[in-house]
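**Q** Sharing a structure, written as structure tokens. Questions coming.
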Amino acid sequence: MKIGVMLPNLKLPTKEALKKAAEMELDGVQLWTTGGDLDPQKLSATARDNLVHFIGSLGLEISALCGDLGRGFGDETDLEKRVELTKKILDLSVDLRTPIMTTHIGVIPEDPDAKEYKLMLQVLRDIGKYASEIGTCIAAETGPETPETLLKFLKELNSPGVKVNYDPANLVMCMGSDPVKGVHTLKDYIVHTHAKDGIKLPDGYKEVPLGEGGVPWKEYIAALRSIGFDGFLTIEREVGDNPAGDIAKARDFLRSIL
């Protein structure tokens, strides 16, 4: 498996952050593409080629693009606009030679007859078909529902263009789910993972450094290996005053297990 980082977590301008990731001897980076200088609506074909060349010259890979747009696909607010932008990010993933775009698709209702459930199916069938046709995929991030609920939805969706970005901490923090069992539940869909840790509290949750939360890392990594996953563990550290230091510690922690 490879170790990467969610690039914005370094809290540096893009080129400086990329250089920092290379200095930290990481294998790759996940790029944030819903705003800033990597917004697909701002990147020309030349700029895209230059970015691929620059990242490659640093010895890095692009693990995935992140295309979070703030609302799920069961929410009708600005839906047409968000679907259009999602497809532009998928186009960008092809140009940047990484066949994965991760996002939060929204909370999947338990009731398959719910209006939001049916809308999510309709929208993601369209997006998944588009992604599959151009040789990429949209990867739904785990968290706001159980792995079993997500699996049921993906089976009904039946789209080769829709996969899973597995975030074990989200399952622990949001649902109190077993992240090891969840790997086996979603084994046919996992294409990318986030390396994050956290704990569930009576009144919410708290993100903590890797190894200090509810994710049993040795068992979790073993589960990923057992299903044949050999992709990225992309460090995501959204809190803390020393991002580079926290990410370096997370890198060392993962290396100690791998």
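**Q** Determine whether segment 135-144 contains at least one residue that is within 22 Å of residue 170 (Cβ to Cβ), at pLDDT 95 or above and of a type in the set (Ser, Thr, Tyr).
**A** The answer is yes; a qualifying residue exists.
**Q** Return the total of residues in segment 239-257 being out of contact with any helix residue (DSSP H, G or I) (no Cβ under 7 Å at 6 or more places or on another chain) and touching a residue at least 60 places away in the same chain (Cβ under 8 Å).
**A** Adding up the residues that qualify gives 4.
**Q** Which members of segment 193-227 meet the condition of being part of a loop (DSSP other than H, G, I, E, B) and without any contact (Cβ under 8 Å) to a residue 24 or more places away in the chain?
**A** Those that are part of a loop (DSSP other than H, G, I, E, B) and without any contact (Cβ under 8 Å) to a residue 24 or more places away in the chain: 202, 203, 212.
**Q** Shifting gears a bit: Name every residue in segment 28-73 that is crowded, with 19+ Cβ neighbours inside 10 Å, more than 16 Å from residue 15 (Cβ to Cβ) and over 15 Å from the mean Cα position of the chain (by Cα), in order of residue number.
**A** 40, 73, listed by residue number.
**Q** Could you check segment 33-48 and list, in sequence order, the residues that are more than 15 Å from residue 67 (Cβ to Cβ) and modelled with pLDDT of 95 or more?
**A** Hits for segment 33-48 are 44, 45, 46, 47, 48.
**Q** Quick one: how many residues across segment 140-163 are under 21 Å from residue 210 (Cα atoms) and outside any loop (DSSP other than H, G, I, E, B)?
**A** Total satisfying the criteria: 1.
**Q** Right, next: Look at segment 132-161 and say how many of its residues are farther than 22 Å from residue 33 by Cβ and either in contact (Cβ under 8 Å) with a residue 60 or more places away in the chain or hydroxyl-bearing (Ser, Thr, Tyr) (or both).
**A** 2
**Q** Name the residues in segment 174-189 that are of a type in the set (A, V, I, L, M) and touching a residue at least 40 places away in the same chain (Cβ under 8 Å), would you?
**A** 180, 183, 186, listed by residue number.
**Q** Just to confirm my filter: which helices (runs of 4 or more DSSP H) fall fully inside segment 4-109 and include at least 3 residues that are closer than 19 Å to residue 163 by Cβ?
**A** In segment 4-109, the matching helices (runs of 4 or more DSSP H) lie at 79-95.
Yes or no, residue by residue, for (1) more than 25 Å from residue 31 (Cα to Cα); (2) in contact with a helix residue (DSSP H, G or I) (Cβ under 6 Å, 6 or more places away or on another chain); (3) surrounded by fewer than 18 Cβ atoms within 10 Å (Cβ to Cβ):
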{"position": "155", "(1), (2), (3)": "yes, no, yes"}
{"position": "194", "(1), (2), (3)": "no, no, no"}
{"position": "199", "(1), (2), (3)": "yes, no, yes"}
{"position": "203", "(1), (2), (3)": "yes, no, yes"}
{"position": "215", "(1), (2), (3)": "no, yes, no"}
{"position": "220", "(1), (2), (3)": "no, yes, no"}
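The values are calculated or read from the model by the stated rules, or taken from the named source; none is laboratory data. Predicted model only: the values in this text are computed from it and were never measured. Don't worry about glycine lacking a Cβ; one is built from the backbone with ideal geometry, like all the others, and counts go over all protein chains shown.
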